Amino acid sequence: MALSTISKGIFSFIADLGVDRVFLVPGGGNMFLVDAVGSEPRIEYVTVHHEQAAVIAAEYYSRKTGKLGVAVVTTGPGSSNAVTGIAGAWFDSVPVLILAGQVKKQDYNVSGKLRQSGPQEIDLVSMVSKITKFAKTCFSPAELPMDLKTAVDLAQSGRPGPVVLEVPLDVQSAITSWVGEPAIAEKVTDNVSLLDGLSSFCEELVTEIITAKRPLIVVGYGVKSSLQIEALRELIVSKMLPVSLTWPTTDFLSFDDELNAGRFGVVAKRHANIVIQKSDFILVLGSRLDNIQTAFKIERFGNRAKVVVVDIDPAELEKLPDRFQKFQYNLRDFIPALAIAISDADVPETRKAWISEITELRRRFEEEVFRSEIKEKGRISIYDFIDKLSNSFRGNEIIVTGSSGLSVEVFYTHFRNLKGQWIALTTGLGAMGYGLPAALGVAAASKEKIYLFESDGSLMMNLQELQSLKTLGCPITIFVQNNDGYASIRSTQENYFNRRYVGTGPSSRLEIPSIEKLANSFGFEYLVISSLDDIEQKLALAHENAGLMICEVVLLRDEKLMPKCSVIRTEDNQMISAPIEDMSPLLDLETFKSIMGQNIDPLSLRIRKLR
Ligand SMILES: Cc1ncc(C[n+]2csc(CCOP(=O)(O)OP(=O)(O)O)c2C)c(N)n1
Ligand SMILES: [Mg+2]
């Protein structure tokens, strides 16, 4: 019987899962794990320059491939650096395994009374207990195969999410005959079968969908993470069902598809929110309907509709108002079952009128753009850039964006996505610094050229990963939005603090270095867009480039994000959120009533008086 280290067994097991890329930062505390990744012929490791980036890259590898993402970090600072990435994968339900080094058992702070016992020891397991599905320090080589299998099963089953396995040095190096073949896992509690009543529920649902005059399907990220995008798309196209999308499902249908009712929320195109409030039957699939999506008033969401929600997570269902009908199913089971139940149903005549109404609303508000009145020489409006960028694509591109800031918000409001594009961001955490490592994870998973849309402040937060992209060498064009720092926070400081700027731009001690010099030092080709005159040619050059390119886009510094659902101050200094369908700049009352009917929310009258 051949003997090897436990670490080699771990990566043999991971390679058996089909995982072919692992992201890592080496250290003393994970040295056997690192050596084992390097020796596993089926895995190509990707070295990054910060553990936060390793976890983010693993998250995006998973998003792109549908497989488990894997990151290897060392103990102490390697582990604490990983925490932000773990939080991001937790909120967005992405299966990532973090293998962390740990001091050997005899050095470990067993009582927990000391701050530290072993060299660089830190208790990652306790730190991430609330943001992981499973986190364990595995002290026993004999138990490790089972712990690993349990961790991997949990990460990928039920509502997916990150898992952490800390492996002490003496366990990493333990000699074993285990070569990574599947271990028997403990019963994975998350794998409960949720099929009770599924087919009769689907049949009833079909009747409601067919009899509704204005049905709408809300497509949440759960549809993507349960790998049901194709199946749902086929269903909605064949049954002509309009969909409302969230930012992470932007790429579900092209922007101009007649069934695409838009991306709704606090920051959205006006028609997208109006359609939600005009629908009479909404089926919400795998979307947690958070405050940013419902404009802080879940009770009013779909207020003229019967709302049915299907989600895997009972806690997400429980938080919803009693007015909603809630069903706990895994979309992997539910969507195929619905497809069968609806297959023979005819599309009712009324559907055409509803689709035309949506198309009409979209045409009316699609072009609604609020450029800054101010002109600055050598700077362009982000609205113009997004417009030209949308036009410059042909379809089928891979596009990754940053996760925070005004530029990203404008992107998800105004970008016109085309057929076949794959678009991704991490939403829940909303952290700066995601763009570069996210692009790295996707680049490692894909052979094709990728595009990254990122803003200058966020770029700075994981700048070192430009080098990881260079080392990986996959073709990429990075559009860096230069608006002199933190435009979104400057806007807050303008509105709430009478323009007392603190740490948000060059005048308040926040500077961004020359993007051109950065491109040069990291070995990227450089291009700058600062005028509309030659923007098409420049974009064409960016598309033609088959290497590594940074394209700096010099933007007006302080454009406003519009339209949006405003927060309005009342006479007695209370803050109230405007109704989701009534975005600012507010339409005049008669126009608004002509769209929504006479029966509008009284709040719409009140906010017009307060203005
Ligand atoms: C890690 C992290 N720290 C702080 C914040 C708070 N924050 C939100 S947006 C923002 C500024 C973003 O600037 P930039 O990336 O340049 O985008 P812009 O708003 O300028 O388009 C900050 C500091 C955050 N989201 N994430
Ligand atoms: Mg900026």
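When you scan the range 94-138, how many residues do you find that are assigned to a helix (DSSP H, G or I) and acidic (D, E)?
1
Among the residues in the range 85-93, are any of a type in the set (D, E, K, R), touching a residue at least 12 places away in the same chain (Cβ under 8 Å), within 30 Å of D251 (Cα to Cα) and part of a loop (DSSP other than H, G, I, E, B)?
Yes - at least one qualifying residue is present in the range 85-93.
Do you know which residues across the range 158-174 are outside any loop (DSSP other than H, G, I, E, B) and among the hydrophobic types (A, V, I, L, M, F, W, C)?
V163, V164, L165, V167, L169, V171 - these are the residues of the range 158-174 that are outside any loop (DSSP other than H, G, I, E, B) and among the hydrophobic types (A, V, I, L, M, F, W, C).
I want to confirm something. Restricting to the range 470-493 and keeping residues that are near ligand 2 (Cβ under 8 Å from one of its atoms) and touching a residue at least 60 places away in the same chain (Cβ under 8 Å), which single residue is nearest to F415 (Cα to Cα)?
Taking the candidates together, the pick is Q481.
Which one of these is within 30 Å of K133 (Cα to Cα) and of a type in the set (V, I, T): V267, V275, V310?
Matching residue, one of V267, V275, V310: V310.
Can you name every residue in the range 390-423 that is crowded, with 23+ Cβ neighbours inside 10 Å, among the aliphatic types (A, V, I, L, M) and more than 11 Å from ligand 1 (Cβ to nearest atom)?
Within the range 390-423, I399, V400 meet the criteria.
Hey, does the range 34-52 have a residue that's assigned to a helix (DSSP H, G or I), out of contact with any helix residue (DSSP H, G or I) (no Cβ under 6 Å at 6 or more places or on another chain) and either in the same structural domain as G420 (by TED's automatic domain parsing) or within 12 Å of P162 (Cα to Cα) (or both)?
The answer is no; no qualifying residue exists.
For residues that are closer than 24 Å to E366 by Cα and surrounded by 22 or more Cβ atoms within 10 Å (Cβ to Cβ), scanning just the range 424-450, find the one that is nearest to ligand 1 (Cβ to nearest atom).
Quick first cut of the range 424-450, residues closer than 24 Å to E366 by Cα only: 424-425, 427.
Still in the running and surrounded by 22 or more Cβ atoms within 10 Å (Cβ to Cβ): 424-425.
Values: A424: 17, L425: 13 Å.
So the residue we want is L425.
Tell me yes or no: at least one residue of the range 344-358 is touching a His at 6+ places or on another chain (Cβ under 8 Å) and in contact (Cβ under 8 Å) with a residue 60 or more places away in the chain.
The answer is yes, given that some residue of the range 344-358 is touching a His at 6+ places or on another chain (Cβ under 8 Å) and in contact (Cβ under 8 Å) with a residue 60 or more places away in the chain.
Within the range 351-393, work out how many residues are polar (S, T, N, Q) and at pLDDT below 95.
So the count comes out to 1.
Of all residues in the range 67-84, which are surrounded by fewer than 24 Cβ atoms within 10 Å (Cβ to Cβ) and either under 14 Å from the mean Cα position of the chain (by Cα) or not in a loop (DSSP other than H, G, I, E, B) (or both)?
Residues satisfying the conditions are P77, S80, N81, V83, T84.
Taking the criterion of being closer than 30 Å to S514 by Cα, basic (K, R) and in the same structural domain as G485 (by TED's automatic domain parsing), would at least one residue in the range 558-577 satisfy it?
no
Mind checking which residues of the range 196-230 are within 16 Å of D92 (Cβ to Cβ) and among the small types (G, A, S)?
G220, G222, S225, S226, listed by residue number.
Just checking: which of the helices (runs of 4 or more DSSP H) contained wholly in the range 463-530 hold 1 or more residues that are in contact with a Pro (Cβ under 9 Å, 6 or more places away or on another chain) and within 15 Å of ligand 1 (Cβ to nearest atom)?
Result: 465-472.
Residues are listed down the side, and each one gets a yes or a no for (1) crowded, with 17+ Cβ neighbours inside 10 Å; (2) assigned by TED's automatic domain parsing to the domain that holds Y61; (3) not small (G, A, S):
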{"position": "N109", "(1), (2), (3)": "no, yes, yes"}
{"position": "D123", "(1), (2), (3)": "yes, yes, yes"}
{"position": "V128", "(1), (2), (3)": "yes, yes, yes"}
{"position": "K133", "(1), (2), (3)": "yes, yes, yes"}
{"position": "T137", "(1), (2), (3)": "yes, yes, yes"}
{"position": "A151", "(1), (2), (3)": "yes, yes, no"}
{"position": "L154", "(1), (2), (3)": "yes, yes, yes"}
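Do the conditions hold for G457, that is, is it buried (at least 24 other Cβ atoms within 10 Å of the Cβ) and either closer than 22 Å to Y526 by Cβ or within 13 Å of ligand 2 (Cβ to nearest atom) (or both)?
Yes: the conditions hold for G457.
The values are calculated or read from the model by the stated rules, or taken from the named source; none is laboratory data. In this text the structure is predicted, and so the values were computed from the model without any measurement. Neighbour counts are summed over all protein chains in view; Cβ atoms, including those assigned to glycine, are modelled from backbone coordinates with ideal geometry.
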